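Chemist: Dropping a structure here in structure tokens format, bear with me for questions.
The values are calculated or read from the model by the stated rules, or taken from the named source; none is laboratory data. As the structure is a prediction and not an experimental result, all values here were calculated from the model. Every residue, glycine among them, receives a Cβ derived from its backbone with ideal geometry; neighbour counts consider all protein chains shown.
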Amino acid sequence: MIRDFYDIDLSGRNSFHVRQRAARLVEFETTDDLTAFFRKGAPAKWTVLAGGNNILFTQDFDGVLLTPRAASIDVVAETPDAVAETPDAVAVRAEAGVEWDDLVAWAVERDLWGIENLSLIPGKVGAAPVQNIGAYGAEAKDAIESVEMFCTDTCNTLILSREHCAFGYRESVFKHALRGRVVITAVTFRLSRRPRPDLGYGDLLRETEARGGATLRNIREAVCAIRRSKLPDTAVLGNAGSFFKNPVVEAAVAERLRTDYPALPLYPAAKGRMKLAAGWLIEQAGMKGHREGCVGVHDRQALVLVNYGGATGSEVLALAHKVQEAVRAKFGVEIAAEVNVL
Ligand code: EPU
């Protein structure tokens with residue numbers, strides 16, 4: 001069933017808590033709801049607003065926001081081929097409106113491995129493939145089997161297998177060719193009954209050992225503890241997680257920077273390129289903890305911009321530009337926003 005809201009305040013629906021409004025917001029549950037909505041053609045301006053955790057409204061939205069509400073999680077009875085080939089695997093289908101961390105908790109409770117490193121990432125399941133959310137050495141793409149999407153032109157539902165999602169670092173086909181053409185309604189994950197701990201990132205091994213070793217529950221607790229120690233809680237302080245992506249540069253550029261800055265953290269990326277830690281660049285550019293009125297760069301994680309209360313989206317964006325400029329001036333490197341700016 002559709003729930004329709006007009007001229008709605010969005011401050012409780014975006015994790016930056018900026019006070020913009022939308023002309024209309026439609027909460028939907030089923031594909032029939034979407035069919036009823038798109039049957040007469042798409043409105044001139046629309047987009048999906050799921051958890052609002054990766055979006056910055058810099059003005060009122062004069063179109064329609066679509067919000068998924070369906071939130072069931074099921075072990076899929078008919079397992080996809082890839083699952084049949086690997087007997088330890090379990091296919092789990094989650095609807096777009098499931099809170100991401102509820103899915104992780106659900107999987108951990110059932111001893112299903114594969115998404116525990118992604119514990120406590122704010123957002124809805126439907127947004128996970130768009131951003132290809134990632135943390136602690138894991139990315140959603142590693143566990144995604146397929147994505148169900150409603151095509152707004154045809155009002156059909158199609159299932160896109162993971163190979164066709166063009167997943168990359170915080171990238172997917174949903175941000176490009178399919179942007180504005182589909183609404184994700186559910187995601188099927190391939191999880192595993194066999195333990196597959198992946199503790200190679202940062203402090204994760206140490207924090208897991210400190211809890212008694214690599215059980216699913218210990219890993220989840222360790223990830224949650226590390227995240228809580230570094231990242232501000234959106235319920236307390238408006239933010240959207242990492243505001244910037246870590247920049248990926250040619251190896252020669254990384255080598256040149258490493259010569260000048262031996263402490264620069266570098267990670268191998270696809271196609272022989274190197275990923276730089278934007279948080280480190282921002283900190284070295286002197287912007288960590290920098291505050292201007294109601295907005296600031298978080299003092300424990302420089303990738304995160306925060307709203308101390310009462311900020312507008314434009315103020316956050318102005319600070320983001322300043323941070324980008326500081327990094328450009330010191331290192332000659334561009335850092336792009338990860339957050340979707342509207
Ligand atoms: N660093 C600094 N100063 C900072 C922040 C980081 O020097 O203020 C250095 C760290 O010391 C480390 C390196 O930068 O050497 C990387 O830092 P960290 O491991 O904390 O991860 P990140 O690159 O800053 C990424 C994701 C996070 C994710 C963490 C952990 C992106 C854009 N961000 O951050 O994701 O939680 O790794 O895996 O890739 C998000 O997307 O919203 C998010 C929070």
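Chemist: Out of all the residues in segment 113-129, which are in contact with a strand residue (DSSP E or B) (Cβ under 7 Å, 6 or more places away or on another chain), within 16 Å of the ligand (Cβ to nearest atom) and either of a type in the set (S, T, N, Q) or part of a strand (DSSP E or B) (or both)?
Modeler: Answer for segment 113-129, where residues must be in contact with a strand residue (DSSP E or B) (Cβ under 7 Å, 6 or more places away or on another chain), within 16 Å of the ligand (Cβ to nearest atom) and either of a type in the set (S, T, N, Q) or part of a strand (DSSP E or B) (or both): Asn117, Lys124.
Chemist: Can you go through Val236, Val295 and tell me which one is modelled with pLDDT of 95 or more and either β-branched (Val, Ile, Thr) or out of contact with any strand residue (DSSP E or B) (no Cβ under 7 Å at 6 or more places or on another chain) (or both)?
Modeler: Val295
Chemist: Considering each residue of segment 259-292, count those that are at pLDDT below 95, surrounded by fewer than 17 Cβ atoms within 10 Å (Cβ to Cβ) and out of contact with any helix residue (DSSP H, G or I) (no Cβ under 8 Å at 6 or more places or on another chain), and give that number.
Modeler: 4
Chemist: Also: Here is a list: Ala254, Ala269. Which entry is over 26 Å from Val316 (Cα atoms), touching a strand residue (DSSP E or B) at 6+ places or on another chain (Cβ under 7 Å), in contact (Cβ under 8 Å) with a residue 24 or more places away in the chain and more than 9 Å from the ligand (Cβ to nearest atom)?
Modeler: None of the other options fit; the residue is Ala269.
Chemist: Moving on. Just for strands (runs of 3 or more DSSP E) wholly inside segment 228-278: which have at least 3 residues that are within 27 Å of Val295 (Cβ to Cβ)?
Modeler: Of the strands (runs of 3 or more DSSP E) lying wholly inside segment 228-278, those with at least 3 residues that are within 27 Å of Val295 (Cβ to Cβ) span 238-242.
Chemist: On the given criteria, is Leu317 in contact (Cβ under 8 Å) with a residue 24 or more places away in the chain and of a type outside the set (Phe, Trp, Tyr)?
Modeler: Against the criterion (in contact (Cβ under 8 Å) with a residue 24 or more places away in the chain and of a type outside the set (Phe, Trp, Tyr)), Leu317 qualifies.
Chemist: A further question on this structure: Would you point out the residue of segment 130-160, among those that are out of contact with any Leu (no Cβ under 9 Å at 6 or more places or on another chain), touching a residue at least 40 places away in the same chain (Cβ under 8 Å) and not acidic (Asp, Glu), that is farthest from the ligand (Cβ to nearest atom)?
Modeler: Once the filter is applied, the top-ranked residue is Ile144.
Chemist: Mind checking which residues of segment 201-223 are within 16 Å of the ligand (Cβ to nearest atom), at pLDDT 95 or above and part of a loop (DSSP other than H, G, I, E, B)?
Modeler: If the condition is that a residue be within 16 Å of the ligand (Cβ to nearest atom), at pLDDT 95 or above and part of a loop (DSSP other than H, G, I, E, B), then no residue fits.
Chemist: Of everything in segment 161-177, what is touching a residue at least 12 places away in the same chain (Cβ under 8 Å) and part of a helix (DSSP H, G or I)? Give them in sequence order.
Modeler: Arg162, Val173, Phe174, Lys175
Chemist: Among the candidates Glu145, Glu163, Glu116, which residue alone is acidic (Asp, Glu), touching a Phe, Trp or Tyr at 6+ places or on another chain (Cβ under 8 Å) and not assigned by TED's automatic domain parsing to the domain that holds Ala50?
Modeler: Glu145
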